[in-house]
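Everything on this sheet refers to the single structure shown next.
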Amino acid sequence: MCLSSLEVPPVYLFRAYAILKTEPQAGPRLGTAGLCYSLFARAPQKGRDDMGIGLYVQNDGTLVVRTDAPEYPEARRQLVTFAELVQRLDPIHVYQIRPLSLWQAASAGWTARAVMQCLRSWAEHPLPYALQQMIVTEMAKWGRLHLHQGGRGRLLLRGDESALQAVRNMPEVMRLCKADRMDGLQFASKDRADVKRRLASAGFPVIDQAGYQVGQPLPCTWNDSGRLRGYQQEAVQRFLAGEPSGVVVLPCGSGKTWVGIAVLCALQVETLVLVPTETAARQWQRELLAHTTLSAQ
């Protein structure tokens, strides 16, 4: 059987795993899925400790890995930079490589060659050619289109000529275009999010360099900076590096509000805080009044 052409839907792996857990002799009747799982669970041709993470890569970018291998934490640290964890059934985890995850990897400095080298270092079989093509194609799109601030409340989309021509052939994007100029395509500032969303949906990521409207000065002092934990301080520093922009992702209860307050005090400007509930808004208000020099007025 050629593993490089193995195409097993993850759900079959999970079913095979469940059956093999209760019926160890059931492998022969599970077909391809049973054979694939046996490579994870029993590894008849080499010792379990020598199997590594047993990474299997499918044409569509699905990655199936064992999590009970000693090397898994290091593998996971690398995989999450260009793939999303989509399913868990220990000791099997399923990741998915998507265009968006590859664009994010490219924005963080990864190259297509680095992604494929990472996959090859963990994979149990050669990478499918279709997946290699997707990785190269999608990561090459990053950096081809840039959004800049123009005059009179307009935005300017710039890029290489072939990318701009592709945009001109997108009716859903060109409906928002105000002018097609020699230096790029002009859009209204109010359509900024729509332009980026429509381009991303059409398969073209945009590097947004239009900047942000700066709020009015708002002097405030953070009273409890010494109470920030190490990971919170790191989040603040990384957010403020270069042009302050980004997304802070932390688990529930880990102090994201405090990270936000620390950023606000570092920038010293009026800040709009958007939250999904009134309870969350009151929490922000309590924390700001308790831990900064801001007053209720």
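The values are calculated or read from the model by the stated rules, or taken from the named source; none is laboratory data. For clarity, every value in this text was computed on a predicted model and none was experimentally measured. FYI the Cβ positions are ideal-geometry reconstructions off the backbone, even for glycines, and counts take in every protein chain you see.
Observations on the structure shown:
- Screening region 194-217 for residues that are of a type outside the set (S, T, N, Q), without any contact (Cβ under 8 Å) to a residue 60 or more places away in the chain and within 21 Å of VAL263 (Cα to Cα) and picking the one that is surrounded by the most Cβ atoms within 10 Å (Cβ to Cβ) gives GLY215.
- A Cβ distance below 9 Å, combined with a sequence gap of six or more or placement on separate chains, defines the contacts here; from region 169-193, residues that are within 15 Å of ASP208 (Cβ to Cβ) reach residues that are of a type in the set (S, T, N, Q) and in a strand (DSSP E or B) in the pairs SER189/GLN149.
- Residue list for region 61-87, restricted to those being small (Gly, Ala, Ser), outside any helix (DSSP H, G or I) and in contact with a strand residue (DSSP E or B) (Cβ under 8 Å, 6 or more places away or on another chain): GLY61, ALA83
- Restricting region 141-152 to residues that are over 21 Å from the mean Cα position of the chain (by Cα) and of a type outside the set (Gly, Ala, Ser), the residue that is surrounded by the most Cβ atoms within 10 Å (Cβ to Cβ): HIS148
- When each of LEU164, LEU102 is tested for being under 24 Å from ALA200 (Cβ atoms), assigned to a helix (DSSP H, G or I) and in contact with a helix residue (DSSP H, G or I) (Cβ under 6 Å, 6 or more places away or on another chain), the lone residue that passes is LEU102.
- Within region 128-140, considering residues that are out of contact with any helix residue (DSSP H, G or I) (no Cβ under 7 Å at 6 or more places or on another chain) and crowded, with 17+ Cβ neighbours inside 10 Å, the one nearest to ASP191 (Cα to Cα): MET134
- Exactly one residue among TRP258, TRP222 is surrounded by 11 or more Cβ atoms within 10 Å (Cβ to Cβ), over 23 Å from SER107 (Cβ atoms), at pLDDT 85 or above and aromatic (Phe, Trp, Tyr), and that residue is TRP258.
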